[in-house]
Amino acid sequence: MDWLRLWHDMPNDPKWRTISRISGQPISLVQAMYLHLLVDASRNVTRGHVTVTKEDIASALDVTDEQVELVLCAMQGRVMEGDCVTGWSKRQPKREDAGNPESGAKSSLQRKREQRDRQKKERDETPGHSSSRSVTTIHDRLDKRRLDKDLNPLSPPLPEPPPKPKRKTRLPEPFNVCGDMRKWAAERAPAVHLINETEKFVNYWRGNGGTKADWVATWRTWFLKAQEDANRRMASPPHSCGPPPLNFDSTDWAKESIL
């Protein structure tokens, strides 16, 4: 189980009154939001950095996005610096990934290896698993190579782990079209109006509320589709909506209209 620390005077810290007064929100909401930020910063890959969205905090605490925004702005320079929690490195413990010989704390590699040894022993003692007792899993081989590399630094390098998939997010607010995107649109979608089509894109995904891993790629796909539609319109012959041609017999036209 993962833990994080709180200081003894945290509930009575005068900073909460200051943040509450500046934001115009109750102290209870300020403290509850700060706990959400601490938990998110503790679970983040880069510990101490906050990635939770305003919408998620508002939904969790049953408040509006505007209330959350006011409190977050008032926290800047007091308990937050950008997306980092102030004083995180001093107050929160570092993970014991490297172990500590003095205190007897084991590294994450040692703990994981012992866990796998216990699981393997339990499988061997369970009836019906005799055929799989001699099988070495990929994780066991990788753990053994990591342990060998710790003991022998000159051993071959370990394979790089596969990259983690990007986290899906909602459309950022505001959605900025940078210079590279403008240049791409001018080259790949010259018949599409940049501002109007981007506004359609933003309005659609704001109303849809979907999530994407790469919003720039989604924007490019949208523009390519708009360029295809524009090419199709330019290639199709125009429809004639005017009067009949001069060499058209009026009597024939009258007959046709009656039929």
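Taking the criterion of being among the hydrophobic types (A, V, I, L, M, F, W, C), out of contact with any Pro (no Cβ under 7 Å at 6 or more places or on another chain), open to solvent by 90 Å² or more (accessible area, probe 1.4 Å) and in a helix (DSSP H, G or I), would at least one residue in the range 200-217 satisfy it? No, the range 200-217 contains no residue that is among the hydrophobic types (A, V, I, L, M, F, W, C), out of contact with any Pro (no Cβ under 7 Å at 6 or more places or on another chain), open to solvent by 90 Å² or more (accessible area, probe 1.4 Å) and in a helix (DSSP H, G or I).
Would you be able to say whether some residue in the range 9-21 is touching a strand residue (DSSP E or B) at 6+ places or on another chain (Cβ under 7 Å) and part of a helix (DSSP H, G or I)? Explain how you work it out, then say what you get.
Kept after step one, since they are touching a strand residue (DSSP E or B) at 6+ places or on another chain (Cβ under 7 Å), are these residues of the range 9-21: none.
No: zero hits.
Looking only at residues in the range 227-247 that are outside any helix (DSSP H, G or I) and under 28 Å from Glu197 (Cβ atoms), which one is modelled with the lowest pLDDT? Steps first, answer last, please.
Residues of the range 227-247 that are outside any helix (DSSP H, G or I), as a first pass: 236-247.
If we keep only those that are under 28 Å from Glu197 (Cβ atoms) as well, we get 236-239, 241.
Details: Ser236: 82, Pro237: 73, Pro238: 67, His239: 62, Cys241: 55.
Per the stated criteria, the residue is Cys241.
With respect to (1) over 18 Å from Trp3 (Cα atoms); (2) touching a residue at least 24 places away in the same chain (Cβ under 8 Å), the lone exception for Asp62 is condition (2). Of the residues making up the range 22-58, those that are part of a loop (DSSP other than H, G, I, E, B) and within 27 Å of Arg167 (Cα to Cα) are Asn44, Val45, Thr46, Arg47, Gly48, Val50, Thr51, Val52, Thr53. Scanning for something open to solvent by less than 80 Å² (accessible area, probe 1.4 Å), of a type in the set (Lys, Arg) and in contact (Cβ under 8 Å) with a residue 40 or more places away in the chain, does the range 38-46 turn up at least one residue? No, the range 38-46 contains no residue that is open to solvent by less than 80 Å² (accessible area, probe 1.4 Å), of a type in the set (Lys, Arg) and in contact (Cβ under 8 Å) with a residue 40 or more places away in the chain.
Out of the residues in the range 146-193 that are open to solvent by less than 100 Å² (accessible area, probe 1.4 Å), in a helix (DSSP H, G or I) and farther than 30 Å from Arg233 by Cβ, which is modelled with the highest pLDDT? Looking at residues that are open to solvent by less than 100 Å² (accessible area, probe 1.4 Å), in a helix (DSSP H, G or I) and farther than 30 Å from Arg233 by Cβ, I get Arg146.
The values are calculated or read from the model by the stated rules, or taken from the named source; none is laboratory data. Predicted model only: the values in this text are computed from it and were never measured. Glycine gets a Cβ as well: all are built from the backbone with ideal geometry, and neighbour counts include every protein chain shown. Just so you know, the surface numbers come from the protein's heavy atoms only, side chains and all, with ligands and any DNA or RNA stripped out. Shrake-Rupley method; radii C 1.70, N 1.55, O 1.52, S 1.80 Å.
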